[in-house]
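The values are calculated or read from the model by the stated rules, or taken from the named source; none is laboratory data. All of these numbers come straight from a predicted model, not from anything done at the bench. So basically every Cβ, Gly included, is an ideal-geometry build from the backbone, and we count neighbours across all protein chains shown. Heavy atoms of the whole protein, side chains included, go into the accessibility calculation; ligands, DNA and RNA do not. Shrake-Rupley method; radii C 1.70, N 1.55, O 1.52, S 1.80 Å.
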Amino acid sequence: MYFGLAIQVSDRATEQFHAATLYRFDGRLKFGDIQNHLTSRCADARASASLFWIAPDLSQEDQQILAATVDAWLEDNAGKIPYSVAHPGGVIFKDNVWVGNEPGQGLTCATFIVALFDELGIPFIEIGTWEARSDDTAWAQRILALLSPLMSSEHVVAQRRRIGDTARVRPADVAAAGLLLHQQRESPLKFEEVAPLSESIEAALLA
């Protein structure tokens, strides 16, 4: 295995989940993710009882490309990738370097993984089919309020204006997509394919 995914409950009180990547690159097994605003992580993997690991059914070539790209994104953009609960779209990486300077641009732990697959053209999820769920707006408002002290006012205002217009991709959506992927798939997964399993994953991890 050269590339996998992970999900964990990061805050049981608020039912907050976190998604990350697990990958093998340059002879090392590494753990990589977006942790916070301008804070990413690229570290040697360690055993953890709190993480649920997923090994997507991908070709070895695709796994190696994903591993090399995520390592470059994390190593070359330390302290540069902003967090956003309402990313407006547009180019965010160019030659593996973060170039998303428009106010409001940024990633969550889950959309970082979605962007990785999209950048490489490997079918994952079709974000245009994603539907809003009842607690998406409350989640975005809560996270933005927590992170606002770390962000510029311009970045905060740009996100706040888009809350409710941008469907949220959840960590459990990423985990579900990872479980549903297979090498023969030629098109990305749609919301209706992912949502039932995503809901089951959340319920199982919170049980």
Here's a check for you: in the range 33-59, which residue that is without any contact (Cβ under 8 Å) to a residue 24 or more places away in the chain and out of contact with any strand residue (DSSP E or B) (no Cβ under 9 Å at 6 or more places or on another chain) is nearest to residue 78 (Cα to Cα)?
47
The lone exception for residue 121 - which of (1) open to solvent by less than 20 Å² (accessible area, probe 1.4 Å); (2) among the small types (Gly, Ala, Ser); (3) under 29 Å from residue 185 (Cα atoms) it fails:
(1)
Which ones in the range 179-207 are in contact with a Ser or Thr (Cβ under 7 Å, 6 or more places away or on another chain) and surrounded by fewer than 17 Cβ atoms within 10 Å (Cβ to Cβ)?
183, 190
Which residues, counting only those in the range 126-142, are within 16 Å of the chain's Cα centre (by Cα) and open to solvent by 30 Å² or more (accessible area, probe 1.4 Å)?
126, 127, 128
Report whether or not residue 164 is part of a helix (DSSP H, G or I) and surrounded by fewer than 15 Cβ atoms within 10 Å (Cβ to Cβ).
no
Within the range 91-112, is there a residue that is modelled with pLDDT under 95 and in contact with a strand residue (DSSP E or B) (Cβ under 6 Å, 6 or more places away or on another chain)?
no
Restricting the range 165-185 to residues that are free of Cβ contacts under 8 Å to residues at least 40 places away in the same chain and within 19 Å of the chain's Cα centre (by Cα), which is nearest to residue 140 (Cα to Cα)?
176
Failed criterion for residue 188 (all others in (1) over 16 Å from the mean Cα position of the chain (by Cα); (2) modelled with pLDDT of 95 or more; (3) farther than 20 Å from residue 51 by Cα hold):
(1)
Looking at (1) crowded, with 17+ Cβ neighbours inside 10 Å; (2) at pLDDT below 95; (3) not polar (S, T, N, Q), which is the only condition residue 158 fails?
(2)
Just name the residue that is farthest from residue 138 (Cα to Cα) out of those in the range 11-24 that are among the hydrophobic types (A, V, I, L, M, F, W, C) and modelled with pLDDT of 95 or more.
22
Being small (Gly, Ala, Ser), without any contact (Cβ under 8 Å) to a residue 60 or more places away in the chain and open to solvent by less than 60 Å² (accessible area, probe 1.4 Å) narrows 153, 148 down to just 148
